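This report concerns only the one structure given below.
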Amino acid sequence: MAHLEGEDALDATVRDYARLVYRIAYAVLRNHHDAEDAAQETFVRVLRYGGKLDRISDRKAWLARIAWRVATTRRKKLHEVPLDDAVHTEELLRSSLAGADDLLIAGERAELLGRLIGGLPTQLRDIVTLSILQDLEIAEMATILEIPETAVRSRLFRARQILKEKLTALLEKKHGT
């Protein structure tokens, strides 16, 4: 009977958190197939944890931390992958109201932002990825990265400062000031 409860807990965990695990993996890996593989590996690790799943008090944070570790380990094995241009282009093309100029400008902005974020040091890039792309709270990011909330705030502030400086420099260069 305890085994069945463990299976039920695992099924419920997969059902409740599969999207979160995939989104975290995708935010790190920027590739649909790699993110699916990382999500699957995350749940395989959870399966190995077995009947102890009921003892986890905050499953969301626990799974997010595992997904983050799996994805960052995979990212190290792969080379740094740029933002997925195909997904972005597909989203833009879905908008039937957008004209060709709008699509081009939006694509250029996304590409520029992706390059700027990609140019940040890893610790800062990870924070921006979780904050902006995954819309996670400070406490959630601290749990996932296993660092204090003050460190998350500090890194996020520094990352935003660097991005602002880079954007300002680019605008000044473009306008010749």
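A compact table of results
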read-out: Selection status of ASP58, under 25 Å from THR143 (Cα atoms), at pLDDT 60 or above, out of contact with any Phe, Trp or Tyr (no Cβ under 9 Å at 6 or more places or on another chain) and not assigned by TED's automatic domain parsing to the domain that holds LEU170; value: yes
read-out: Residues that are among the aromatic types (Phe, Trp, Tyr) and crowded, with 21+ Cβ neighbours inside 10 Å, drawn from the range 18-32; value: TYR26
read-out: Positions within the range 33-60 being not in a helix (DSSP H, G or I) and not aliphatic (A, V, I, L, M), in sequence order; value: SER57, ASP58
read-out: Qualifying residue in the range 162-174 (condition: more than 26 Å from THR73 (Cβ to Cβ), at pLDDT below 85 and acidic (Asp, Glu)); value: yes
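The values are calculated or read from the model by the stated rules, or taken from the named source; none is laboratory data. Since we're looking at a predicted model, the values are computed, not measured. All Cβ positions, glycine included, derive from the backbone under ideal geometry; neighbour counts span all protein chains shown.
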